[in-house]
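Below is one structure, written out as structure tokens; comments come after it.
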Amino acid sequence: MIEYYEHIDDYIDGRLSSEARQAFEDAMKTDASLKLAVENYMDAAKLSEGLLEMDIMETINNFKNKSQEKIDYSTSKSKKWLWFVLLATVLALSIFWYINDKESTLHQNQILATYIRPNDDDATKSMDTIGMTTFQKGKYFFQLNRFEESEEWLKKFVSTEKDKNLLSEGYYWLGAAQLEQWELDDAEKAWSQSHEAEAVKNVKLLKHQ
Amino acid sequence: MKEIQNNVESLLGEIRSGKTGRDKIITQLYSDGKLRGSILSVILKMGGSKEDFDDIFSIALMQFVKTVMKRKDLVINYDLNTYITSIAKYTLLAQLKSKNKNTTQLVDANTVMTENPENLVIKKDEMTLLHSLLETLGKNCKEVLLLWGNGYKMRDIADIIGYKSEEMAKKKKYQCFKTLLIYLEQNPEIKKSLR
């Protein structure tokens, strides 16, 4: 017996021979569910295409929730017992991480998932650093992913700058350059001296990592 | 991100290789600080706000992955960061247009636009509505239909999911397609929203 459902694609795409097409149409006359299947084919195909979008969104949300849960648990003050559980877990995990791999990829990803890297498109407009200020040099090397050099220049900048706002911005970039090199303590210290919203958020993030 | 950008071809291959590879790349890109920074910078430059970031970034990633999966001959001429950021620009422009905002002055001369990315067929608010569908279908059916719906051939589907033959993948697809049709019949509101 022919399973007509298996030929819906061919019928819709016009790939059936004239005899097979006639047989398919005859089958539709007696099989209401087959007729319905043909009528709903386009919707089902569209929904199948959309399954990919739903799957991607699910992956993003799961990852986001995992990262968020970690921060939420750390910042919850009302549930004291959670603190004890968390403290014990963090302690155990810290020892585990220390012994195994202090800088595990998952751990990094969780922090990097909520960290937004500073960006200044103008920083790399010039081909070289001639005539640049120390701050511009710091940003220039950062944009080129040369974080060690960036850190060096940014440190020079914050050690001499007097303007409070520029200083705050400088510490923000310095913290980012240090995070990129996974110097977490230094990054936290630098960001603590900045009042940029992102820096404040990042300090919170690192304190609870 | 450095190593990802150095190997765009293998990254595209990994996205096309099935759910495990796809998820791995999605989470890598989602947690990429440089990518997040350049997308945020674009959003702010174009008059959007930090609150728009999550939405735009998620949509841009969805469009990127979908474009990679649907266009097997896709060639990316820029580095990946620029490519995804340009999709985000495209997404934001579309949103601003739908809000009737004047967008002509927002596209500056330096804007790199890719050819249009694949459009999304499911609206954000429909996703919650469709949650029950995922439970109805189950893991394997979802992947078979998802690949079929995005232009994969039965032979490729069999390879990716690990069925012994193309015939077996075909059988599975029809079984799953039947389940999907029944679901649509039982949920006319979804059928309506798709049209």
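Things to note:
- Selection within region A:126-155: residues that are among the basic types (Lys, Arg) and under 22 Å from A:Asn202 (Cβ atoms). The member of this set that is surrounded by the fewest Cβ atoms within 10 Å (Cβ to Cβ) is A:Arg146.
- Taking the criterion of being under 15 Å from the mean Cα position of the chain (by Cα) and in a helix (DSSP H, G or I), the residues of region B:122-141 that qualify are B:Lys124, B:Met127.
- In the set B:Gly13, B:Gly33, B:Gly21, B:Gly47, only one residue is on the phi > 0 side of the Ramachandran plot and either facing chain A (nearest Cβ under 9 Å) or not aromatic (Phe, Trp, Tyr) (or both); that residue is B:Gly47.
- Every residue from region B:129-155 that is without any contact (Cβ under 8 Å) to a residue 60 or more places away in the chain and more than 21 Å from A:Asp10 (Cα to Cα): B:His131, B:Ser132, B:Leu133, B:Leu134, B:Glu135, B:Thr136, B:Leu137, B:Gly138, B:Lys139, B:Asn140, B:Lys142
- Which numbered condition A:Phe24 fails, given (1) touching a Phe, Trp or Tyr at 6+ places or on another chain (Cβ under 8 Å); (2) surrounded by fewer than 17 Cβ atoms within 10 Å (Cβ to Cβ): (2)
- Residue match in region B:1-10 (condition: out of contact with any strand residue (DSSP E or B) (no Cβ under 8 Å at 6 or more places or on another chain), at the interface with chain A (Cβ under 9 Å from one of its Cβ atoms), in a loop (DSSP other than H, G, I, E, B) and modelled with pLDDT under 90): yes
- Residues in region B:86-121 that are at pLDDT 65 or above and in a loop (DSSP other than H, G, I, E, B): B:Lys99, B:Glu115, B:Asn116, B:Pro117, B:Glu118, B:Asn119, B:Leu120, B:Val121.
- Considering residues of region B:125-181 that are touching a Ser or Thr at 6+ places or on another chain (Cβ under 8 Å) and either β-branched (Val, Ile, Thr) or more than 20 Å from A:Glu6 (Cα to Cα) (or both) only, the residue farthest from the other protein chains (Cβ to nearest Cβ): B:Ile160
- Listed by first and then second residue, the pairs linking a residue in region A:35-51 that is within 7 Å of chain B (Cβ to nearest Cβ) to a residue that is of a type in the set (Lys, Arg) and surrounded by 19 or more Cβ atoms within 10 Å (Cβ to Cβ), with Cβ atoms under 6 Å apart and 6 or more places separating them unless they lie on different chains, are A:Leu51/B:Lys142.
- Hey, A:Asn119 modelled with pLDDT of 70 or more, under 28 Å from A:Trp173 (Cα atoms) and out of contact with any strand residue (DSSP E or B) (no Cβ under 8 Å at 6 or more places or on another chain) or not: yes
- Residue count, region B:182-195 (criterion: more than 21 Å from A:Tyr4 (Cα to Cα) and either surrounded by 15 or more Cβ atoms within 10 Å (Cβ to Cβ) or at the interface with chain A (Cβ under 9 Å from one of its Cβ atoms) (or both)): 6
- For A:Asn165, the requirement of being polar (S, T, N, Q) and in a loop (DSSP other than H, G, I, E, B) is not met.
The values are calculated or read from the model by the stated rules, or taken from the named source; none is laboratory data. Quick caveat: nothing in here was measured; it's all calculated off a predicted structure. Every residue, glycine among them, receives a Cβ derived from its backbone with ideal geometry; neighbour counts consider all protein chains shown.
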